[in-house]
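Structure first, then comments.
The values are calculated or read from the model by the stated rules, or taken from the named source; none is laboratory data. As the structure is a prediction and not an experimental result, all values here were calculated from the model. Positions of Cβ are generated from backbone atoms using ideal geometry, with glycine treated the same way; all protein chains shown enter the neighbour counts. The protein model used for the area step is the full one, side chains on, heavy atoms only, and it has no ligands, DNA or RNA in it. Shrake-Rupley method; radii C 1.70, N 1.55, O 1.52, S 1.80 Å.
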Amino acid sequence: MPAAIFDMDGVLVISNPAHFEAWKAFGKRYGIEIDEQTYYKHVNGRRNDEFLEELYPGRWTQEERLRIAAEKEAFYREHFAPKVPRVPGVVELIQALAERGVPLAVATSGPRENAELITELLGVRSLFRVMVAGLDVTVAKPDPTIFLEAARRLGVPPAECVVFEDSPAGVEAAIRAGAYCVGVTTSEPAEVLRAKGAHEAVEDFTGFDVDGLLARLASRS
């Protein structure tokens, strides 16, 4: 039986605009300035502590970066998360996969608290067998470790998993893990995701052909 692994931001919910606005508002506390181009180039799909060091090398210790990241995500959960729109069709896709007995996981660079809140708000928390957050692994996307760990916890070989991803870093990580990758163009155009290796790209999940996807996965094994 194949398995399905979902990224969160940009795949379950259209939250990247909200995260960008949250960083603009919250970042002023620490002199962090992030414009839209910087957000999508350096932040989207990445762990907060990693991009903070990349953009502001040496300004904070790792412990301080983790604290700032945690404060920002708490700010996001309080002010933005309850209002972010779901990706059209994603709840129906999750339910259809679950009905067919496909084991499900969330694998996100974000914190576990975000993933738990978003899946609860969508009403699908109980359908996910596994949840891997950014700090559950030692290296972040585009390294494949997070997807390899999700597959390990699901008990399914990575080659038999489909990963739904919206960021170039996430797509690259999925391909390096050996998974089949469906790119979601909520953050980047299809050609960018395909250039990173996405096997297919969709605008959203409205009318998504679940059985066709499972057939494509079966043909890989």
Kindly provide the helix-only [θ] at 222 nm of the chain, computed as the sum of -39,500 (n - 2.57) over DSSP H runs of four or more divided by all residues, to the nearest 500 deg cm²/dmol?
-> -13000 deg cm²/dmol
Per-residue HN-Hα couplings for region 119-127, Karplus 6.51 cos²θ - 1.76 cosθ + 1.60 at θ = phi - 60°, whole Hz, x for Gly and Pro?
-> 5, 5, 4, 7, x, 10, 4, 5, 7
Taking a crude spin-label model, label points 7 Å out from Cα along the C-beta direction, the Lys24 to Glu99 distance in nm is 4.0 nm
Using the Karplus equation 6.51 cos²θ - 1.76 cosθ + 1.60 (θ = phi - 60°), what ³J(HN,Hα) coupling, rounded to whole Hz, does each residue of region 41-52 give in order, writing x for Gly and Pro?
-> 8, 10, 9, 4, x, 9, 7, 4, 5, 6, 6, 4
Translational diffusion of region 79-136, µm² s⁻¹ [Kirkwood Rh, Cα pairs; Stokes-Einstein; 20 °C; 1.002 mPa s] | 178 µm²/s
Could you state the principal axis extents of the C-alpha atoms in the chain, from the largest down, to the nearest angstrom?
-> 50, 31, 31
Run down the lysines and flag those whose C-alpha is under 25 Å from the C-alpha of Lys141, throwing out any fewer than 8 positions away in its chain.
-> Lys24, Lys41, Lys72, Lys196
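Can you give the longest stretch of the chain with no exposed loop site, where a site means trypsin sites (Lys or Arg not before Pro) in a DSSP loop (not H, G, I, E or B) with at most 14 other C-beta atoms within 10 Å?
Longest stretch, sites excluded: 101-221.
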Label-point separation, Arg194 to Glu64 (7 Å along Cα→Cβ), nm = 4.5 nm
Solvent-accessible heavy-atom area per residue, rounded to whole Å², over region 1-99 at 1.4 Å | 46 Å²
What part of the accessible area of region 82-192, given as a whole %, is carbon or sulfur when the probe is 1.4 angstrom?
-> 52 percent
If amide H atoms are built 1.01 Å from N in the plane of the peptide, which residues on other chains or at least 5 residues away come under 5 Å of the amide H of Val163?
-> Ile5, Tyr180, Cys181, Val182
Hey, got the dipole for region 114-221? About the Cα centre, +1 on K and R Cβ, -1 on D and E Cβ, debye to the nearest 20?
-> 420 debye
In whole angstrom, how far apart do the alpha carbon centroids of region 178-221 and region 3-55 sit?
-> 23 Å
Once all Cα-Cα distances of region 1-62 are split into 10 Å bins that start at 0, what whole-number percent is in each one?
-> 19, 48, 22, 8, 2
Put +1 on the Cβ of every Lys and Arg and -1 on every Asp and Glu Cβ in the chain; which of Thr145, Cys181, Leu55 then has its Cα farthest towards the positive end of the dipole?
-> Thr145
Non-local amide H neighbours of Ala201 (under 5 Å, H modeled in plane, Pro and chain starts lacking H): which ones?
-> Gly183
